[in-house]
Amino acid sequence: MKNSRGQTLIESILMIPVIVIVFSMITWFSRIVLTRQQLVMASKYGTDMIYYSNMNEAQIEEELKDYLCNKDNKGRKLNPDNLKFIIKKETFLDIDSINSLGDLDALQDNFLNPADHLSSVHLAYEFKSPPIFSAWNTFIPGPNLPDKITVSAHAEVLAGTGVKR
């Protein structure tokens with residue numbers, strides 16, 4: 001009887017580091033999922049700004065940076081140094097003016113190939129790998145795990161569906 005109690009105590013002590021690692025990995029992966037959701041919302045917000053406002057790419061980038069990184073935001077704030085923006089704002093030909101009729105090739109291209117004229121917002125955020133990854137690389141054989149993980153989101157809207165010059 002006495003030996004089984006000691007064995008249980010030793011097994012419990014050995015399980016504590018495993019439980020700590022599991023909880024920390026759950027927390028870390030939750031941060032990745034939450035960041036991905038923030039980036040998806042921000043990219044859709046960016047396409048809404050393209051669609052409904054006269055903002056240029058730099059203004060949209062500044063607004064998205066404020067949306068994700070402002071110190072007054074409640075909840076998770078992202079580090080602006082780790083954010084990357086690719087904002088592409090396509091404008092559709094103005095078919096109401098007489099000037100647009102002169103460029104029939106461009107007009108035909110806009111109408112026949114609308115998917116070639118997409119306005120888009122692409123956001124990427126880099127995470128440093130947790131220290132457990134370096135321990136993984138040291139003790140477990142096989143390919144090394146990455147030092148950084150990039151989480152990204154992308155949203156698009158067709159040009160000519162509200163984009164103003």
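Within segment 90-136, the set of residues being more than 28 Å from Y45 (Cβ to Cβ) and either of a type in the set (S, T, N, Q) or modelled with pLDDT of 80 or more (or both) comprises S97, N99, S100, Q108, S129, S134.
The listed residues are K65, K77, and the only one of them that is at pLDDT 80 or above, in a helix (DSSP H, G or I), within 20 Å of S152 (Cα to Cα) and of a type outside the set (A, V, I, L, M) turns out to be K65. Within segment 34-56, does at least one residue satisfy the condition of being under 16 Å from H122 (Cβ atoms), modelled with pLDDT of 90 or more, in contact with a strand residue (DSSP E or B) (Cβ under 6 Å, 6 or more places away or on another chain) and of a type in the set (K, R)? Yes, because at least one residue in segment 34-56 is under 16 Å from H122 (Cβ atoms), modelled with pLDDT of 90 or more, in contact with a strand residue (DSSP E or B) (Cβ under 6 Å, 6 or more places away or on another chain) and of a type in the set (K, R). Each residue in segment 117-140 was checked for being in a helix (DSSP H, G or I) and either in contact with a Gly (Cβ under 7 Å, 6 or more places away or on another chain) or not small (G, A, S) (or both), and 7 pass. Of the residues making up segment 52-61, those that are in a helix (DSSP H, G or I) and buried (at least 16 other Cβ atoms within 10 Å of the Cβ) are E57, I60, E61.
The values are calculated or read from the model by the stated rules, or taken from the named source; none is laboratory data. Everything numeric here is computed off the predicted structure, so don't read it as measured data. Heads up, the Cβs are rebuilt from the backbone with ideal geometry, glycines too, and the neighbour counts pull from every protein chain shown.
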